[in-house]
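Trainee: Handing you this structure, nothing more for now.
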Number of protein chains: 2
Amino acid sequence: MPVSCELVPKEPRPTGAALVVDVIRATTTAVAFFEAGAGEVWFAPGHPEALALKARGFLVAGETRGLRPEGFDLGNSPREALALDLSGRRVVMSTTNGTRAARLAARATPRVALGSLWNRRAAARWLEPRLGEGVTLLAAGKEGRFGLDDAYVLGAVASLLPDRDLDDATLAAIRLFEAQPDPLAAIAPSAAARALAAVGLEDDLPAVARMDASPVVPVLDRREGEYLVFVPR
Amino acid sequence: MPVSCELVPKEPRPTGAALVVDVIRATTTAVAFFEAGAGEVWFAPGHPEALALKARGFLVAGETRGLRPEGFDLGNSPREALALDLSGRRVVMSTTNGTRAARLAARATPRVALGSLWNRRAAARWLEPRLGEGVTLLAAGKEGRFGLDDAYVLGAVASLLPDRDLDDATLAAIRLFEAQPDPLAAIAPSAAARALAAVGLEDDLPAVARMDASPVVPVLDRREGEYLVFVPR
């Protein structure tokens, strides 16, 4: 089965490569950190492990219920990230859904990349040469449950792949995307979008909904202990 | 959250009522058994437990990889079921996905019903008075994975419910349904439909795709040991 989607976050079956999507907002924000010049983005297993890297000069970014946690330098906002000059800086992130989903993916394959609407076309291009071994698109979802926003983005990416064997979840994701080609309208009703608005971060929503705006694909370079280290590609 | 969908088979959170859908074919076939006059349909935990009821006068129905297992009286075909006169008979079923999904649902609520395209409207009507306590629509899927066919039927049912709080999975299921109002075209690309065709049962597909053709809702009446006993409503 060359293209599989995991619409509900869980450890995928062994796969040739995995694209992890938490469009609202961790994987969009990771792309934004690289757009802002960051050299590496580390995904931490939790908030304490993220804070532990502060002493080593990392910028510490993340969220709890959408907001910047105590002691963190930055939240999980792609708008905020894009406004910074992070040339040569390293960033460590810890979030509720996205960084956890990346850890699930990394158990199934060493080839992991981060996808979003911003880098949709670039992410599809990264997946394409790996189709022969099978690729998995993994939705981070929301607190272990299905997220409409991430499923939509899986479909947006998958719709660009050459027409191969697609599993049922991929067919469904593509139908979701094609049924509503306007990304903002498509993801606005999601629980993740409504949760953003509930904490006053509704301006991030049009920001994450920009499609094909970045050529950057964050790819897993290596593990450092419990951390996943992403570099731009 | 009054309406939730489980698009991937798993035990739902506690809920006021659950509708289980394995449209290709167990829950469609259960409706067909009642249409043919059956008094009760028992879901067995496995094939041996189904066969064990033969001595008590039950008709034993089910499938392994789509086909009638050794020693069973009937397969898992709604067309075959509908052609019988089962007045006053009891049927016991054991299948790969649907009967298992019903067991998951029965752990989350004693109020369980079986849904399909055939009884879509009747099933929605059964759910409606239970919305206040929260209802869950559960897709049986295929061997633990997402099934396009069942997700579509969840959307077909949910589209009839009054507009309440819908979780992301329900919103997605409704979009899937609305994107392709023709049920046969919608479910034909699913892995379950293709598996039917692969064992020569492709004629069952237009049969299961008949929408709103039956007023029968199989509802869980009681447990008998390891068996779930459904009666028509």
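Trainee: The conditions are (1) closer than 20 Å to A:L161 by Cα; (2) within 14 Å of another protein chain (Cβ to nearest Cβ), and A:E11 fails exactly one of them. Which is it?
Mentor: Going through the list (1) closer than 20 Å to A:L161 by Cα; (2) within 14 Å of another protein chain (Cβ to nearest Cβ), A:E11 breaks only (1).
Trainee: Now for a separate question. Out of the residues in the stretch A:120-151 meeting the condition of being assigned to a helix (DSSP H, G or I) and in contact with a strand residue (DSSP E or B) (Cβ under 6 Å, 6 or more places away or on another chain), tell me which one is nearest to the other protein chains (Cβ to nearest Cβ).
Mentor: In this case the residue turns out to be A:A151.
This table checks each residue for (1) touching a helix residue (DSSP H, G or I) at 6+ places or on another chain (Cβ under 6 Å); (2) of a type in the set (K, R).
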| residue | (1), (2) |
| --- | --- |
| B:R111 | no, yes |
| B:L117 | yes, no |
| B:R125 | no, yes |
| B:T136 | no, no |
| B:E143 | no, no |
| B:L154 | yes, no |
| B:D165 | no, no |
| B:A179 | yes, no |
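Trainee: Scan B:P129, B:P110, B:P78 and give me the residue that is over 29 Å from A:L176 (Cα atoms) and free of Cβ contacts under 8 Å to residues at least 40 places away in the same chain.
Mentor: From the options B:P129, B:P110, B:P78, the qualifying one is B:P129.
Trainee: Checking A:T109 against (1) modelled with pLDDT under 95; (2) touching a Pro at 6+ places or on another chain (Cβ under 9 Å), which single condition isn't satisfied?
Mentor: Going through (1) modelled with pLDDT under 95; (2) touching a Pro at 6+ places or on another chain (Cβ under 9 Å) one by one, A:T109 breaks only (1).
A quick yes/no check of all residues on (1) within 14 Å of chain B (Cβ to nearest Cβ); (2) over 20 Å from A:R210 (Cα atoms); (3) surrounded by fewer than 18 Cβ atoms within 10 Å (Cβ to Cβ); (4) of a type in the set (A, V, I, L, M):
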| site | (1), (2), (3), (4) |
| --- | --- |
| A:A18 | no, yes, no, yes |
| A:D22 | yes, no, no, no |
| A:F34 | no, no, no, no |
| A:P48 | no, yes, yes, no |
| A:K54 | no, yes, yes, no |
| A:F58 | no, yes, no, no |
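Trainee: Restricting to the stretch A:153-178, name every residue that is assigned to a helix (DSSP H, G or I), facing chain B (nearest Cβ under 8 Å) and crowded, with 17+ Cβ neighbours inside 10 Å.
Mentor: If the condition is that a residue be assigned to a helix (DSSP H, G or I), facing chain B (nearest Cβ under 8 Å) and crowded, with 17+ Cβ neighbours inside 10 Å, then A:D168, A:A169, A:L171, A:A172, A:R175, A:L176 are the ones that fit.
Trainee: Further question: Checking A:A61 against (1) free of Cβ contacts under 8 Å to residues at least 40 places away in the same chain; (2) in a loop (DSSP other than H, G, I, E, B); (3) touching a strand residue (DSSP E or B) at 6+ places or on another chain (Cβ under 8 Å); (4) not aromatic (F, W, Y): exactly one of these is not met. Which one?
Mentor: (2)
Trainee: Just one of the numbered conditions (1) under 24 Å from B:P129 (Cα atoms); (2) within 13 Å of chain A (Cβ to nearest Cβ) is not true of B:A188; which one?
Mentor: Only one criterion in (1) under 24 Å from B:P129 (Cα atoms); (2) within 13 Å of chain A (Cβ to nearest Cβ) is unmet by B:A188, namely (1).
Trainee: Which residue out of A:A209, A:A198 is over 17 Å from the mean Cα position of the chain (by Cα) and over 21 Å from A:A105 (Cα atoms)?
Mentor: A:A198
Trainee: While we're here: Do we find that B:A185 is of a type outside the set (D, E, K, R), in a helix (DSSP H, G or I), free of Cβ contacts under 8 Å to residues at least 60 places away in the same chain and within 18 Å of B:T95 (Cα to Cα) in this structure?
Mentor: no
Trainee: With the structure loaded, tell me whether A:A38 is part of a helix (DSSP H, G or I), in contact (Cβ under 8 Å) with a residue 24 or more places away in the chain and of a type in the set (A, V, I, L, M) or whether it fails that test.
Mentor: No: the conditions fail for A:A38.
Trainee: Further question: Has the stretch B:16-25 got any residue that is within 18 Å of B:L114 (Cβ to Cβ), over 15 Å from the mean Cα position of the chain (by Cα) and not hydrophobic (A, V, I, L, M, F, W, C)?
Mentor: Yes.
Trainee: If only one of B:G147, B:G155 is within 18 Å of B:A30 (Cβ to Cβ), under 15 Å from the mean Cα position of the chain (by Cα) and at pLDDT 95 or above, which one is it?
Mentor: B:G147
Trainee: Given the condition more than 16 Å from the chain's Cα centre (by Cα), of a type in the set (S, T, Y) and modelled with pLDDT of 95 or more, answer yes or no: does some residue in the stretch B:165-178 qualify?
Mentor: Yes: one or more hits.
Trainee: Does A:A213 fit the bill of being of a type in the set (A, V, I, L, M, F, W, C) and part of a helix (DSSP H, G or I)?
Mentor: No; evaluated as a whole, the condition is false for this residue.
Trainee: Which of the following residues is more than 13 Å from every other protein chain (Cβ to nearest Cβ), part of a loop (DSSP other than H, G, I, E, B) and touching a residue at least 24 places away in the same chain (Cβ under 8 Å): A:L220, A:L117, A:L205?
Mentor: The unique qualifying residue is A:L117.
The values are calculated or read from the model by the stated rules, or taken from the named source; none is laboratory data. Keep in mind it's a predicted model, so treat the numbers as computed, not measured. Counting neighbours? That spans all protein chains shown, and the Cβs are built from the backbone with ideal geometry, glycine included.
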